[in-house]
1. Calculate how large, on average over all directions, the projected area of the Cα convex hull of the range 222-435 is; give the answer in nm² to one decimal.
2. Kirkwood hydrodynamic radius, computed over distinct alpha-carbon pairs, for the range 219-342: how many Å, to one decimal?
3. For the range 2-101, give me the percentage of DSSP beta bridges that are antiparallel, rounded to the nearest 5 percent.
4. Mind running the shape call on the range 60-122? Use the C-alpha gyration tensor, a ≥ b ≥ c as the square roots of the eigenvalues: rounded below 1.5 for a/c, prolate if a/b tops b/c, oblate otherwise.
5. Taking a ≥ b ≥ c as the square roots of the eigenvalues of the Cα gyration tensor of the range 342-478, is the shape rounded (a/c under 1.5), prolate (a/b larger than b/c) or oblate?
6. Rg and Dmax of the range 2-101 over Cα atoms: what are they, in angstrom?
7. Nearest 5 is fine: what % of DSSP beta bridges in the range 65-141 come out antiparallel, could you say?
8. Quick check on packing: order 116-123, 286-293, 269-276 by the mean number of other C-beta atoms within 10 Å, highest mean leading.
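What follows is calculated from the coordinates using simple rules that are stated; it is not laboratory data. Computed from a prediction, not measured in an experiment: that's the story for all the values here. Here the Cβ is made from the backbone with ideal geometry for all residues, glycine too, and neighbour counts use every protein chain on show.
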């Protein structure tokens, strides 16, 4: 007998014959504790998450997903969905749950004539970049190539080319999705439009996407990109000027700020390794000469320790931060949205950087806007469209002995900067202890999301996420 958690918080026992029948219906397989596939499926990017599901279904296609969903619903089981396994909250794995693992579904098919791509949910951003860039095409995505496309897209998705082409969801044409009743549904602007609206930012609340169809854009294969590194002591004036430059920048230019202890980068002299720095990370997509002109103001600021901006393969720039985000470390994030960067907020940030609890910790500030901001707040479930800055307080450390210091530091910085924020948040940056922020993440779209949830998942089968309750069920309820 296999013991599994149920939706009502209890435990049920499933007989071997029932599980064998499930396995016989799959192209993939069913695995339990002791199988190597079981451990592969439950091991995710954030090492703080070490949970043991009751059973793992490794899906190879839509039919497997439908079988697993029907099995979970018919038996009233708690369900976790794992695609890339990169989400900070670790919702991909839950103790005692039925884990539906999509990580083996990694196909990426590009149509260079139509400039579209069909992508399965287990694909990473690196998988997508490699296929699309072979045709000098790209999709607006995140900045870490090991991130999964499914979670990133369903939460919104933004990165180096968002100012030019919008969020990941703004390039989404359609999805194939398995809903809580086991039905196979296509959602687009013309089919099941309410569901299509909801999954563009509403996370995994409405079903399991088995295929994404994206519109691609002409990018690269080479872009102008790189880093400018400054001493942290110069940050007050640098950040003041950065705000002005970023707000007037062309859509082709994206500038992010990273504040941390300098890692041993090859272009930094050894005496700078481990010292606090402010880094401008830059990507310009377009004519190189125009890019050089657009960067003149930024490159003229202060007295940088290093300036390594130059032509770079876009697919390479997309992996530039991978060494700082490798799997196997413990991670905890806190995030705010800002309309601007007032001097008081900058002072709070800089004081915190001078007391980093671990050399791997950092704060980054992403400037978005551009094409992303020209989409109406209610056009997709993701509502935070106005041009603004997104701050992520990213603590990262090796073992549990650092938990209290790193988590406490992140929470304090979050609290100290809250008064300068908009109160909204990017859902993909929310840790698992921020249930109360779900309403703030969706703002005026929350009520409509609840109605869509009630239509497609009235029993809240898909609840292991930043959960949107079905309309009629209080948001605080389980």
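1. Values: hull surface 49.2 nm².
Across all orientations, the range 222-435 yields a mean hull projection of 12.3 nm².
2. Numbers: mean 1/r = 0.0640 Å⁻¹.
About 15.6 Å, per the Kirkwood formula over Cα pairs.
3. Numbers: 8 of 16 bridges.
So the antiparallel bridges amount to about 50 percent of the total.
4. Working: a/c = 3.70, a/b = 1.78, b/c = 2.07.
Note, shape of the range 60-122 comes out oblate.
5. Values: a/c = 2.62, a/b = 1.49, b/c = 1.76.
Since a/c reaches 1.5 but b/c is at least a/b, the shape of the range 342-478 is classed as oblate.
6. Spelled out, the Cα radius of gyration and Dmax of the range 2-101 are 12.5, 36 Å.
7. On the way: 4 of 8 bridges.
For the range 65-141, the DSSP antiparallel bridge percentage is about 50.
8. Numbers: 116-123: 23.6, 286-293: 13.8, 269-276: 12.1.
Listed from highest to lowest mean packing, they are 116-123, 286-293, 269-276.
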